[in-house]
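First the structure, in the form of structure tokens, and then the observations on it.
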Amino acid sequence: MNTIRKQRGVSLSGLLTFGALFIGLSMIAFKVIPPYMENGKIQGAFDTIVQDPAMQTATPAEIRDSFYKRAVAINNVTSLNANDIEIDQEDGRLSLSAHYSAKVPLSGNVSLLFEFNPHAPKK
């Protein structure tokens, strides 16, 4: 009788519940991570453009072309178009910003909507 009370472990139902929960959360994470990674690529392109001395005096068309080359052509960014970038050049300082959303379908008619606001330089 003492050995039964001393035995400890996970029951089969507990193991199945934990496994199902782990798999469900992993599936959601695999769908949620790519929009955040793409936002990081956009933010990186913004930071690189703002820090480039040649871009400080560039025209908006040249800045958009630079974004296209850095983000779209190299990093395959699809969520943001170069024409959606807001360019501000005050007092010889360049700042870039954008507002876009990413819709991630989860299952059936259930989706997640993420709104991103990358900007450079960071305030």
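Checking ALA61, ALA71 one by one, the residue that is small (Gly, Ala, Ser), outside any strand (DSSP E or B), touching a residue at least 12 places away in the same chain (Cβ under 8 Å) and surrounded by 10 or more Cβ atoms within 10 Å (Cβ to Cβ) is ALA71 and no other. Of everything in segment 95-123 that is in contact (Cβ under 8 Å) with a residue 40 or more places away in the chain and among the aromatic types (Phe, Trp, Tyr), the residue that is nearest to PHE67 (Cα to Cα) is PHE116.
Being among the acidic types (Asp, Glu) and modelled with pLDDT of 90 or more: is that true of GLU86 here? Spelling it out, GLU86 is indeed among the acidic types (Asp, Glu) and modelled with pLDDT of 90 or more. Identify, please: which residue in segment 85-119 is surrounded by 12 or more Cβ atoms within 10 Å (Cβ to Cβ) and more than 16 Å from the chain's Cα centre (by Cα) and is, among those, farthest from PHE46 (Cα to Cα)? Looking at the filtered set, the residue picked out is LEU106. Please verify whether ASN76 is closer than 30 Å to ILE23 by Cα, out of contact with any helix residue (DSSP H, G or I) (no Cβ under 8 Å at 6 or more places or on another chain) and touching a residue at least 24 places away in the same chain (Cβ under 8 Å), treating the condition exactly as stated. Considered against the rule, which asks whether it is closer than 30 Å to ILE23 by Cα, out of contact with any helix residue (DSSP H, G or I) (no Cβ under 8 Å at 6 or more places or on another chain) and touching a residue at least 24 places away in the same chain (Cβ under 8 Å), ASN76 comes out as no. Residues in segment 74-123 that are assigned to a loop (DSSP other than H, G, I, E, B), out of contact with any Pro (no Cβ under 6 Å at 6 or more places or on another chain) and aliphatic (A, V, I, L, M): 3 in all.
The values are calculated or read from the model by the stated rules, or taken from the named source; none is laboratory data. Since this is a predicted model, take the numbers as computed values, not measurements. Glycine also receives a Cβ, built like all others from the backbone with ideal geometry; neighbour counts cover every protein chain displayed.
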